[in-house]
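To start, the structure under review is shown below, and the notes come after it.
Derivation of every value follows stated rules applied to the coordinates shown; laboratory data play no part. What you see is a predicted model, and the numbers here were worked out from it, not measured in a lab. Here the Cβ is made from the backbone with ideal geometry for all residues, glycine too, and neighbour counts use every protein chain on show.
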């Protein structure tokens, strides 16, 4: 059974030879692992979702069963380094390097108050030349042996607040300012078109998402989510299925989102990610027992404490435990609950992959 067959079997709720795995890395971790494995470090791809689609040669060498693809910056508007040392992308978002990460330093719609403010902004063209070159190349290279996961995370809410700023956007959402609906419709439409194109290119799984949860609960009321976001997410899911009725749809939301999991099931979500196990109510055993017949789970490996702080032996023990819970009868893709961070020892990353392979 190759990696592709393993993933497809599991997401169809059949027991594979072992649970499939799909881990992703921050650039600093990729550099360390490439050195350990004596592999050339692959340059990161120019995408808002770069960590999800870069380093695939390295990750498949480690044991990943999936390969990520996403939209990249087009030929006519690559992310640019400016004279003041900041970066600007095609959305007009500006970043500066802060420690290990590029952090927002300017939101192009921070002034937004009206629908006209949104309509006057220049948004990316989802069909711009070169946007899917890397995705097509990856599908050509990997799709025979690996499952292809097309990433459109940050698909409406997060893209919107990346343009406005989180505090302002949440305030304006609560105040029901008219521009909010227009901005969400625009970001959702762009990312829906991107997702549809990635499905056409050859995705087996379309991985959408926005973070609606924090450590202790949702960052907005379920009522607001159901009024504002649920109808737009349903439209997105329906559009994806028009391209391929058999596409498997995954949704990413960090944190605790227990109140809205039944809503996602109602919208025929196939795969829930990332199962942040230390977030309130997101315990793997509860989720499997409650929703395991309806959902495949993707994630579940703690990187708040387990991966950075425990021994390799403890990592292996806990990974096996999670596989025993979430992988019973299929319906599970092993993954850390986010990109593996720079505070994780290399030995623990190897232990994660070894545990998955040994568990088979």
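Scanning the stretch 5-34 for residues that are touching a helix residue (DSSP H, G or I) at 6+ places or on another chain (Cβ under 9 Å) and outside any loop (DSSP other than H, G, I, E, B), which turns out farthest from residue 100 (Cα to Cα)?
Checked the stretch 5-34; the qualifying residue farthest from residue 100 (Cα to Cα) is 21.
Mind checking which residues of the stretch 264-281 are free of Cβ contacts under 8 Å to residues at least 40 places away in the same chain and closer than 19 Å to residue 324 by Cβ?
272 - this is the single residue of the stretch 264-281 that is free of Cβ contacts under 8 Å to residues at least 40 places away in the same chain and closer than 19 Å to residue 324 by Cβ.
Restricting attention to the stretch 48-65, which residues are touching a helix residue (DSSP H, G or I) at 6+ places or on another chain (Cβ under 7 Å), over 22 Å from residue 200 (Cβ atoms), surrounded by fewer than 24 Cβ atoms within 10 Å (Cβ to Cβ) and in contact (Cβ under 8 Å) with a residue 40 or more places away in the chain?
Correct list: 62, 63.
From 149, 164, which residue is under 25 Å from residue 338 (Cα atoms) and within 16 Å of the chain's Cα centre (by Cα)?
149
Table: residues versus (1) surrounded by 16 or more Cβ atoms within 10 Å (Cβ to Cβ); (2) outside any helix (DSSP H, G or I); (3) touching a helix residue (DSSP H, G or I) at 6+ places or on another chain (Cβ under 6 Å).
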{"site": "67", "(1), (2), (3)": "yes, yes, yes"}
{"site": "118", "(1), (2), (3)": "yes, no, yes"}
{"site": "122", "(1), (2), (3)": "no, yes, no"}
{"site": "134", "(1), (2), (3)": "yes, no, no"}
{"site": "151", "(1), (2), (3)": "yes, yes, yes"}
{"site": "168", "(1), (2), (3)": "yes, no, no"}
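Every residue in the stretch 192-204 that is in contact (Cβ under 8 Å) with a residue 60 or more places away in the chain and either surrounded by 18 or more Cβ atoms within 10 Å (Cβ to Cβ) or within 17 Å of residue 120 (Cα to Cα) (or both), please.
194, 197, 198, 203, 204
Taking the conditions exactly as written (surrounded by 15 or more Cβ atoms within 10 Å (Cβ to Cβ) and in a strand (DSSP E or B)), does residue 160 satisfy them or not?
no
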